[in-house]
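The values are calculated or read from the model by the stated rules, or taken from the named source; none is laboratory data. If you're wondering where the values come from, they're calculated on a predicted model, not measured in any experiment. We place every Cβ from the backbone using ideal geometry, glycine too, and count neighbours over all the protein chains shown. We work out accessible area using only protein heavy atoms, side chains counted, and drop any ligands, DNA or RNA first. Shrake-Rupley method; radii C 1.70, N 1.55, O 1.52, S 1.80 Å.
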Amino acid sequence: MRARDRTAVSALRATLSALDNAEAAPVDEAELRGVALEHSPAGAGATERERRELSERDVADVVRAEATERLDAAAQLTAPAHADRAAQLRAEAAVLLGFLDSPGTQ
């Protein structure tokens, strides 16, 4: 991919961030409340958790959700002043959907 293809780069950067967030370890409600200071973990790596490993289907779902988000946002931009932004969002969605339509991604 050429570095000058700003539409694809923008869509892929945002989607990679969404995938990174999807891989984050789930947080238990008990962890949100915290523990007493004397019971907190200490030491290097004491609070590290293994990240989730996404299946191919999970990745496709995230990419599809990112494309849908862009299409929905473009549909909301109906004013003529926003036509360029709406077109950009549709182009980004097309890039993402193109990856889903490629062989080996289903």
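Values for this structure:
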item	result
Selection from the stretch 1-32 of residues that are assigned to a helix (DSSP H, G or I) and modelled with pLDDT under 90	E29, A30, E31, L32
Subset of the stretch 47-63 [assigned to a helix (DSSP H, G or I) and loosely packed, with under 15 Cβ neighbours inside 10 Å]	E56, R57, D58, D61
So T68, is it loosely packed, with under 15 Cβ neighbours inside 10 Å and outside any helix (DSSP H, G or I)	no
Inter-residue pairs, beta-carbon under 7 Å, first within 15 Å of A91 (Cβ to Cβ) and in the stretch 55-76, second open to solvent by 30 Å² or more (accessible area, probe 1.4 Å) and in a helix (DSSP H, G or I), 6+ apart	E66/A14; A67/L97; L71/R90; A74/R90
Positions within the stretch 71-106 being β-branched (V, I, T) and assigned to a helix (DSSP H, G or I), in sequence order	V95
